[in-house]
Amino acid sequence: MNISTLNDLLDLKQVGGNKLENRIVEGCIVGDLLSVVMGKAKNNNIWVTIQSHVNIIAVASLIDISGIIITEGFKADVETIEKANEENIKVFESNLSTYEIAKQLVKLDI
Amino acid sequence: MKELSLHILDIAQNSVRANASKIIINISENIKKNIFQFSIKDNGSGIESDIFKNIKNPFTTTRTTRKVGLGIPFLNDTCRLCNGNLLIETEIGKGTYLEATMEYNNIDRPPLGNIVSTVVGLVISNEKIHFVYIHKYNEKTFEFDVNTIKEILDGIPLTDFKVIEWLENYLTENVIQLKIK
């Protein structure tokens, strides 16, 4: 599945990386401890987290994931959005819980 | 990082890379004041001002292999999450001092973790560096100075298997003793 389809299906709010090419989504990583995500995530994963600090963009740029979904109604910091645009990382926000997002991703066979 | 000792290892390795000949690791657990604090002081090369002014930003790094450095940003994040702060002072040619402070009982504060492995690992992989490890627990203090050990060893390398084993036991015992009333 590509990421814009995912965006439509999950009713996410895209806040960063708007102008970017459409990326493929393969698999998912769930985690709020950045150092662990850094070690465990795989290329093209979609990352589901409550973290919204700019450090998530640094981690994402290292592991080349397809995008980040910030859950539980948390909002990306201004600096996070700026860096997401600079670094070509798609960032979304959702009011759903991490669990709800994960359930939907499972339904979509990701 | 899951444990604060991993942060300590990470920061101390910055000091090693800065060619420090002396590194002092100071851990203070003050339960009465609800403060957990650690500091790392080195006499290394110091941090240049253009890097230093953005040191807490993850897109600042001295690495040449990639453009992102996360050691200090991660630690800064942990401190802030635990209602504390991260203080860094540096002087070119003199060295760097880093002090991380957190609420002791904050639910988000990671445990210290295996500090003995961290200290032993640092000591034996950098034999020429003068490491000092000070661990305070309320009023009690344990101080370990690698030079004292080197004098006793009188030429036996720190990497000798039996020395490593002794170091691990000695430090473990003393850290446990600190926490016994």
Worksheet item: Which net charge results for the neighbourhood of A:Leu9, defined as the other residues with beta-carbon distances under 12 angstrom from its beta-carbon, given Lys and Arg at +1 and Asp and Glu at -1?
Response: -2
Discussion item. Can you sort B:Lys22, B:Lys140 from fewest to most other Cβ atoms within 10 Å of each residue's own Cβ?
Written reply: B:Lys140, B:Lys22
Worksheet, complete the sentence: Counting Lys and Arg as +1 and Asp and Glu as -1 over every other residue whose Cβ sits under 15 Å from the Cβ of A:Val106, the net charge comes to -1
Discussion item. Give me the net charge for the shell around B:Asn114: Cβ to Cβ below 13 angstrom, other residues only, Lys and Arg +1, Asp and Glu -1.
Written reply: -1
Item to complete: Beyond 23 Å between alpha-carbons counts as too far, so tell me which of B:Lys94/B:Lys128; B:Lys32/B:Lys140; B:Lys22/B:Lys136; B:Lys41/B:Lys162; A:Lys42/B:Lys56; A:Lys83/A:Lys107 fall in that bin.
Response: B:Lys41/B:Lys162; A:Lys42/B:Lys56; A:Lys83/A:Lys107
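In region A:3-107, what percentage of the DSSP-assigned beta bridges are antiparallel, given to the nearest 5?
25
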Practice prompt. In whole Hz, with x marking every Gly and Pro, tabulate ³J(HN,Hα) for region B:97-111 from phi via Karplus 6.51 cos²θ - 1.76 cosθ + 1.60, θ = phi - 60°.
Written response: 10, 10, 9, 10, 10, 9, 5, 4, 9, 5, 4, 8, 6, x, x
Worksheet item: With contacts defined as alpha carbon pairs under 8 Å and 6 or more residues apart, what's the relative contact order of region B:69-181 in percent?
Response: 18
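For region A:3-107, report the translational diffusion coefficient in µm²/s to the nearest whole number, using Stokes-Einstein at 4 °C, 1.567 mPa s, and a Kirkwood Rh over Cα pairs.
Numbers: Rh = 13.1 Å.
Diffusion coefficient, whole number: 99 µm²/s.
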Practice prompt. Find me the longest stretch of chain B that has none of the exposed GluC sites (Glu not before Pro), where exposed means in a DSSP loop (not H, G, I, E or B) with at most 14 other Cβ atoms within 10 Å.
Written response: B:49-126
Discussion item. Based only on other Cβ atoms within 10 Å, what is the fewest-to-most ordering of A:Val36, A:Val25?
Written reply: A:Val36, A:Val25
Worksheet item: Using Cα pairs under 8 angstrom and six or more residues apart, how large is the relative contact order of chain A, in percent?
Response: 30
Worksheet, complete the sentence: Magnitude of the Cβ-charge dipole (Lys and Arg +1, Asp and Glu -1) of chain B about the Cα centre, nearest 20 debye, reported as 480
Worksheet, complete the sentence: Amide H proximity to A:Gly67 below 5 Å, modelled H, separation 5+ or other chain, gives A:Trp47
Practice prompt. With the Cα gyration tensor of region A:49-96 in hand, convert its eigenvalues to equivalent ellipsoid semi-axes via √(5λ) and list them largest first in whole Å.
Written response: 16, 11, 8
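Would you kindly work out the equivalent ellipsoid of the protein assembly as shown from its C-alpha gyration tensor and give its semi-axes, the square roots of five times the eigenvalues, largest first in whole Å?
After diagonalising the Cα gyration tensor, the semi-axes are 41, 20, 18 Å.
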Discussion item. How large is the direction-averaged shadow of the alpha-carbon convex hull of chain B, in nm²?
Written reply: 11.0
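Read the figures in this text as sums done on the coordinates, not as results from a lab. Fair warning: this is a prediction, and the values are worked out from it, not measured in the lab. Reconstructed Cβ throughout: ideal geometry from the backbone, glycine too, with neighbour counts over all protein chains shown.
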